[in-house]
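Beneath this line is the structure, given in structure tokens, with notes to follow.
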Amino acid sequence: MLYESLSSDKLNDLKKDLESEYNKIKAENLQLNMARGKPAPSQLKICFPLLDAVDSSSDLISEDGTDCSNYGNIDGIIEARRLMAGIMDTEAENVIVMGNSSLNIMFDQVSRGFTHGYLGNKPWSQLDKVKFLCPVPGYDRHFMVTEHFGVEMINVPMTPTGPDMDVVEKLVEQDEAIKGIWCVPKYSNPTGYVYSDETLKRLAALKPKAPDFRIFYDNAYCVHDLYDECRLPDILSLCKESGNPDMVFEFSSTSKISFPGGGIAAVAASEANLKDIKGHLKFQTIGHDKINQLSHARYFKDADGIREHMKKHAEFIRPKFEKVLEILSGELDGLGIGEWTDPKGGYFISFDSTLHCADRIYELCKEAGVTLTNVGATYPYGKDPDNSNLRIAPTFPTVEELDTATRLFALAVKLASVETLLK
């Protein structure tokens, strides 16, 4: 039954029924949150043994002879570099391990573009205009970083195989002011899409007009599979093969592998880029938390150890995704009022209102006690031009809470859509 095919009388009758159902749920005074991609407390318990990997009786000398209890080694200890390289599908020599946050590393890299420039190119602060390409819908915190620095952000349509490469290629080849593109190549936030091999090859083979153009390649969900393992080609190797060895900064962390905010983070790049980064790091720090790096390396041992650990995470997360998708399908299929993604990993589900009433859906959910990510958050400047996208984060609530929250969400979609059609 397509809602758009209903007469005004039938829509009004449906509206009364939906309002009655909505008011009953609203009276329950719910307090449920599907706004942020956080692991649940019960899920994090599988990480607790990591805390015992290093204790007061441990030998704190790393393989390369670094005393992890003291200053030094801005590259990160070799065990941690090898661990992170393993999940990023690159080589340890391409990796620097830093603190606990890959977002922090990304922020620093954008900042360095403005203050010093990359590899001898003019600092962006001396330019009239700096632009970034932003596949949308995308990750709000990426957009917040570039907005913070006054970068002009350009929307690029996101497809199931990655950003629309016809658009990307045309823009970067014509405009020297375009200095970067944000990418989440695997289980993109919020769609859960995975970049195809063709998309990755076309990214690596870009011919940007700006010599200091960089792909900000946030490989946040590189091992976050819910079903079969999915592996992407090494973007550094692809860029090198295409004659663009310096065009990519790759980022990752263990924030949703071990402890959010308590893990380790890394950047992978070409030899020239790493030398450039370390040229700044030597002024910025005398070394990051090597005891935490050692703990992670000794607990997980290698990338295969991390992948086995991630299977435990998947056992917690998979039923939650399945519950949300089951309810969305059961409640909304065939009504013509919404579309949603079906991710096989990552932390989010992307929903689009086909009647462009995302703000009203958000308001109805909020009024009834279910918190969603702000409307527009998945677009630069917080402005969704179609007023359609909503990001659902299923991981934090329990399955029972998700059942309630998603049924309310589906009800809000129906009611907002009927209201829109009646207007």
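Based on DSSP, what percent of beta bridges with both residues in the chain are antiparallel, to the nearest 5? Can you show the working numbers first?
Working: 18 of 38 bridges.
Of the beta bridges lying entirely in the chain, close to 45 percent run antiparallel.
Which lysines have a Cα less than 20 Å from the Cα of residue 414, not counting those fewer than 8 places away in the same chain?
Candidates past the 8-residue exclusion: 10, 15, 16, 24, 26, 323, 366, 423.
Got a sec to turn the phi values of the stretch 372-378 into Karplus ³J(HN,Hα) couplings, 6.51 cos²θ - 1.76 cosθ + 1.60 with θ = phi - 60°, whole Hz, x for Gly and Pro?
10, 4, 3, 4, x, 4, 8
Run the simple label-point estimate for residue 111 and residue 329 please: 7 Å along Cα→C-beta, distance reported in nm.
The two pseudo-label positions are separated by 4.6 nm.
Quick one: check the C-alpha center-to-center distance for the stretch 239-297 versus the stretch 150-212, whole angstrom.
22
I'd like the Karplus ³J(HN,Hα) series for the stretch 240-250: coefficients 6.51, -1.76, 1.60, θ = phi - 60°, whole numbers in Hz, and an x wherever there's a Gly or Pro.
Once rounded to whole Hz, the list reads 5, 5, 8, x, 10, x, 9, 7, 10, 10, 10.
What's the magnitude of the charge dipole for the stretch 207-269 around its Cα centre, counting Lys and Arg as +1 and Asp and Glu as -1 at the beta-carbon? Answer in Debye, nearest 20. Mind dumping the intermediate values first?
Details: 6 positive and 9 negative charges, 49 e Å.
Result for the stretch 207-269 is approximately 240 debye, rounded to the nearest 20.
Return the FRET efficiency for the residue pair residue 400, residue 128: r is the Cβ-Cβ distance, R0 is 56 Å, and the value is rounded to the nearest 0.05. The partial results should precede the final answer.
Working: r = 55 Å, r/R0 = 0.98.
Here the calculated transfer efficiency is 0.55.
Compare 58, 69, 253 by solvent-accessible area with a 1.4 Å probe and give them largest first, with all protein chains kept in place. Before the final figure, lay out each step's value.
Details: 58 35, 69 75, 253 15 Å².
Output order, biggest surface exposure first: 69, 58, 253.
Just report the Cα centroid separation between the stretch 41-120 and the stretch 339-357, whole Å.
The two parts, judged by their Cα centres, are 33 Å apart.
Given that just one value was derived from the coordinates, which of (1) 157; (2) 210; (3) 142 is volume of the Cα convex hull per residue in Å³?
Answer by label: (3).
Taking only protein heavy atoms and a 1.4 Å probe, what accessible area per residue, in Å², does the chain have with all protein chains in place?
Working: 18030 Å² over 423 residues.
Value for the chain: 43 Å² per residue.
Using θ = phi - 60° and the Karplus curve 6.51 cos²θ - 1.76 cosθ + 1.60, what whole-Hz ³J(HN,Hα) does each residue of the stretch 399-409 get, with Gly and Pro shown as x?
Per-residue couplings from phi come out as 4, 5, 5, 5, 4, 5, 5, 6, 5, 5, 4 Hz.
Please sort by residue number the trypsin sites (Lys or Arg not before Pro) in the stretch 317-402 whose DSSP state is loop and whose Cβ has at most 14 other Cβ atoms within 10 Å.
383
What is the gain in length, in nm to one decimal, between residue 35 and residue 381 on full extension, counting 0.36 nm per residue of separation less the C-alpha to C-alpha distance?
Numbers: separation 346, 0.36 × 346 = 124.56 nm, distance 1.81 nm.
So the chain would gain 122.8 nm between residue 35 and residue 381.
The values are calculated or read from the model by the stated rules, or taken from the named source; none is laboratory data. Nothing here was measured: the structure is a model prediction, and the numbers come from that model. Here the Cβ is made from the backbone with ideal geometry for all residues, glycine too, and neighbour counts use every protein chain on show. Areas reflect the complete protein model, heavy atoms only, side chains present, ligands, DNA and RNA absent. Shrake-Rupley method; radii C 1.70, N 1.55, O 1.52, S 1.80 Å.
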